[in-house]
Structures are given as C-alpha cells and as structure tokens.
Amino acid sequence: MANLIKIDDNDFLVKDYLRQEEINENTLLLNYKTLLKRYLSQGEPSEDTLRSYCSAIDSYIKWCLTNKVHPLKITEYQFMYYRDFLIKMNMKKGSIKVKLNAIKQFYNIAVKLKLIENSPAKDVGVKIHEASEISPMKFLTLEQLRDLLNIIPDYDEKHIEYLRDKIIIMLMALEGLRTVEVHRMSVNDINWEMKTIYIHGKGHNDFIYPRDDVLFLLQAYLKIRPFDFAFIDEFGEPVFTTLTNQVKGKRMDRRGIRYNVDKWLTKAGLKKEGISCHMLRHTCGTLLYKDTKDLQIVKQVLRHSNVNITSKYAHIYNKMDKRYTTGINLNENITTEDKKKAHK
C-alpha cells in the first residue's frame with residue numbers, strides 16, 4: 001500500500017470527525033466509514049445497512065490495491081473489470097447490484113467532496129433479469145396460508161416457539177412485515193392503547209395498525225417469552241427472543257427467523273425454491289389486493305414509497321384472475337367434421 005499510495009504520517013489518522021480541509025484522496029480511504037454514515041439515510045443509516053455497504057466497499061478497495069490502482073484514480077473502463085470480476089465469481093446478480101450500489105455511494109461522496117469530478121461507477125450496472133431467471137411472483141393462497149398457520153400446534157405451556165413462530169408468520173403474511181422488521185421489533189414499539197406498532201423499516205420507519213387477533217396473540221406471547229435484561233440492545237427490549245440455553249432471551253437474529261419459518265413451511269408441504277420469509281410479504285400484498293382491489297391500501301399497508309412498486313400485485317393478480325387468452329374463441333374455427341373426429 002505504501003508504494004501505491006504516498007501519504008504522510010498525518011494521513012494515517014482515523015477520526016470520528018474530519019475537517020473538510022483534512023480530507024484528501026488518502027484520508028477518504030481511511031475514514032470513509034465515518035463519512036458514509038453522515039451521508040446515508042440523512043445521517044441515520046441502520047447498522048445492517050452500514051455494515052453491508054462497508055463490507056462491499058472494503059472488498060472493492062482491497063481489489064483496487066491488489067491490482068495496483070488507487071480507487072479514486074480508476075477509470076470507468078477499469079471499473080467494469082471489477083464488475084466482470086464479480087460476475088465471474090458466480091455471484092447472484094442481485095448481490096452484485098447491492099455491491100455496486102454501495103461502491104457508487106462511496107464515489108458519490110468523493111464527488112461531493114470534490115476529490116473527483118465524475119464517478120467511474122455511475123453508468124456501470126448488471127443485468128438482473130435474464131430470460132431463465134424470470135418467474136411469476138411467489139406467494140401463498142388464502143387456503144395455503146390457513147394450512148400453514150394450522151400446522152403450528154397451539155401453545156401448550158411448554159413449547160413457547162409455537163406461539164412465537166405463529167405470530168411471526170402472521171406479522172409477515174397478514175401485516176406485510178419484512179424479516180428485518182420482525183427482528184428489530186421491541187416491546188417499547190407497541191402501543192397497546194392505540195393498537196399500533198412502530199416499525200424500524202428498510203430505509204424509513206413507520207407505524208402499522210395490526211389486526212386484533214395478531215395483537216391478542218402478541219400480548220399472550222409477551223407474558224411468557226423468555227427475556228434477559230442483559231440483552232437490551234440499540235432497539236430496546238426485544239419482542240422475539242431465542243430459546244437456546246446459551247443465549248436464552250436474546251433477540252432472534254434474521255437467520256433464526258428464516259430458519260423457523262422455513263421449518264413450518266416444510267412441515268406444511270409448502271417449502272420449495274423461492275418460497276421463504278419474503279414470500280409471506282408478497283402473500284400479504286396479493287391477498288390484500290384481491291380483497292380490496294385498491295392499490296393505495298396495499299401501498300399503505302406494505303409501506304411502499306411509490307405506488308408503482310405496489311402495482312406488481314395488481315398486475316400478477318389480474319393476469320391470474322382474468323386469464324386473458326381465454327377470450328380467443330377456437331370453436332368458430334373448428335368445422336363440424338373436425339368436431340366429429342374429435343369425439344371419436
């Protein structure tokens with residue numbers, strides 16, 4: 001690194017605060033995490049988002065140094081080699097897009113600070129949907145959702161996970177919550193008087209107004225769920241906690257939530273490729289549109305920023321419901337003779 005980037009001793013300082021005159025192409029590399037935190041989400045990015053961005057940028061900087069090029073002196077043509085490098089690693093296109101978006105934010109900061117004139121990553125992307133990857137949106141029908149919830153036994157004063165997992169699935173499939181939102185939910189987010197839950201969302205926070213049966217089971221679960229005050233974290237006192245002895249009462253992580261949902265999907269005979277936690281959110285959107293035919297209601301419940309995002313639920317439901325090609329009348333093109341042959 002010393003041969004590639006010539007810096008003096010002061011440039012090695014990693015600081016929580018940098019005066020603008022201290023920022024140059026080398027101090028940016030050492031302090032980009034501090035700066036990234038200030039620029040993302042109006043200065044309040046979630047820890048998960050920050051961790052994901054920093055991981056992608058760290059890997060990119062390492063690739064640059066390995067290839068003897070300074071990240072702030074790279075050209076668009078050279079940056080495309082990095083994109084191709086990720087593709088050759090057989091990484092999923094969605095994952096590549098996430099990494100490229102993180103690096104683009106790094107370069108956006110460099111542009112704002114006038115360290116570079118233009119971002120070399122600005123116009124470099126990856127083709128997400130290839131013909132073989134396109135498939136209909138996956139969701140459960142109302143009957144399948146009922147089967148899934150019914151496969152989970154009632155709480156028997158021994159298996160707390162029965163009640164916990166049923167509520168998690170209901171919050172996802174009936175209230176449209178994401179896995180990360182279930183993970184972050186804390187006791188102080190619930191307002192029992194107003195019957196609302198404050199959701200620590202993806203990009204922005206919001207309130208939801210759950211059904212009475214969801215709130216009833218949630219209140220019953222909170223009375224019996226294990227909790228240790230030592231496990232209060234940045235979000236507060238966790239709602240959904242683990243049952244394993246080593247960390248009993250600690251907030252369930254997203255991997256644990258996915259594992260338990262997948263377990264019940266498997267027992268219900270519904271587990272297959274593409275059927276997972278996020279599919280339950282699609283289930284909420286699709287069933288809600290089927291019931292209301294109102295995209296604004298679906299948008300509000302799923303907390304979408306733009307109704308264009310929500311429109312996919314109307315699109316897929318209308319295609320399934322109307323079966324447009326049934327309007328093609330084949331009977332008029334079939335002769336009487338053909339009909340006789342067909343009946344033989």
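For the pair Lys271 and Leu142, label points projected 7 Å from Cα toward Cβ lie 2.8 nm apart.
With a Förster radius of 41 Å applied to the C-beta separation of Thr66 and Lys93, the computed FRET efficiency comes to 0.95.
Available extension along the chain between Arg38 and Lys319 is 96.7 nm, counting 0.36 nm per residue and deducting the alpha carbon span. Projected onto their three principal axes, the Cα atoms of segment 142-324 cover extents of 56, 34, 27 Å, largest first.
Under the rule a/c < 1.5 gives rounded, and otherwise a/b versus b/c splits prolate from oblate, where does the chain land using the Cα gyration tensor? Each step should come with its number before you reach the end.
Numbers: a/c = 2.41, a/b = 1.32, b/c = 1.82.
Judged from the Cα gyration tensor, the chain comes out oblate (a/c at least 1.5, b/c at or above a/b).
Our coupling estimate for segment 30-42, obtained by passing each phi through the Karplus curve with A = 6.51, B = -1.76, C = 1.60 and θ = phi - 60°, is 7, 10, 4, 5, 5, 5, 4, 4, 6, 8, 7, 6, 6 Hz, Gly and Pro reported as x. Axis angle, to the nearest 10 degrees, between helix 277-292 and the longest C-alpha principal axis of the chain: 50 degrees.
Placing dummy labels 7 Å off each Cα toward the beta-carbon, the span from Asn308 to Leu50 is 3.1 nm.
Once you have a ≥ b ≥ c as the square roots of the Cα gyration tensor eigenvalues for segment 9-130, tell me rounded if a/c is under 1.5, and otherwise prolate or oblate according to whether a/b is larger than b/c. Write out the running numbers ahead of the final one.
On the way: a/c = 1.90, a/b = 1.44, b/c = 1.32.
In terms of gyration-tensor shape, prolate.
Compared with the alpha-carbon gap, the fully stretched path from Leu113 to Gln246 is longer by 43.2 nm at 0.36 nm per residue. Taking 0.36 nm per residue of separation and subtracting the current Cα-Cα distance, fully stretching the chain between His278 and Arg211 would add 22.1 nm. In terms of distances greater than 22 angstrom between alpha carbons, the cross-link table entries Lys37/Lys99; Lys195/Lys250; Lys223/Lys263; Lys33/Lys97 yield Lys195/Lys250; Lys223/Lys263.
Computed from backbone phi with θ = phi - 60° and the Karplus coefficients 6.51, -1.76 and 1.60, the 3J(HN,Hα) list for segment 156-172 is 10, 6, 10, 9, 4, 5, 4, 5, 4, 5, 5, 5, 4, 5, 5, 5, 7 Hz; x is used for glycine and proline.
Taken together, the values in this text are just the output of simple stated rules run on the coordinates, not laboratory data. Bear in mind that the values here come from a model prediction, so they are computed numbers and not experimental data. Positions of Cβ are backbone-derived with ideal geometry, glycine not excepted, and every protein chain shown enters the neighbour counts.
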